Amino acid sequence: MKNKGFIKIIAKAVITVSSMVAVNDFLGFYAPTRSSQTIHRLGNNIAGLSVGYLIGKKAADFAVNAVEDAIDAYNGEEKKDG
């Protein structure tokens, strides 16, 4: 498959960005709503996106590796540990 690397990058990007948005929305729910607390809301956004990136990166790596392992198993190729 010619575009295998490109497809992996797109899949990882979608999972990572989705996680970033989901975590930021969750943390943003608890942010103060008054406009005088802009710095606090900005800090919550930065923290939410950072934590979402870390979670999304791990989830994306796990998901893409699992799909690759499943494809290899379907094709009869064994994964060699080591």
Radius 15 Å from Cβ of residue 22, net charge of other residues (Lys, Arg +1; Asp, Glu -1): +1
Label-point gap, in nm, between residue 57 and residue 40 - each point 7 angstrom along Cα→Cβ: 3.0 nm
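No value in this document is a laboratory result; all are computed from the given coordinates. These figures come from a predicted structure and were not determined experimentally. Note that we place each Cβ from the backbone using ideal geometry, even for glycine, and neighbour counts take in every protein chain shown.
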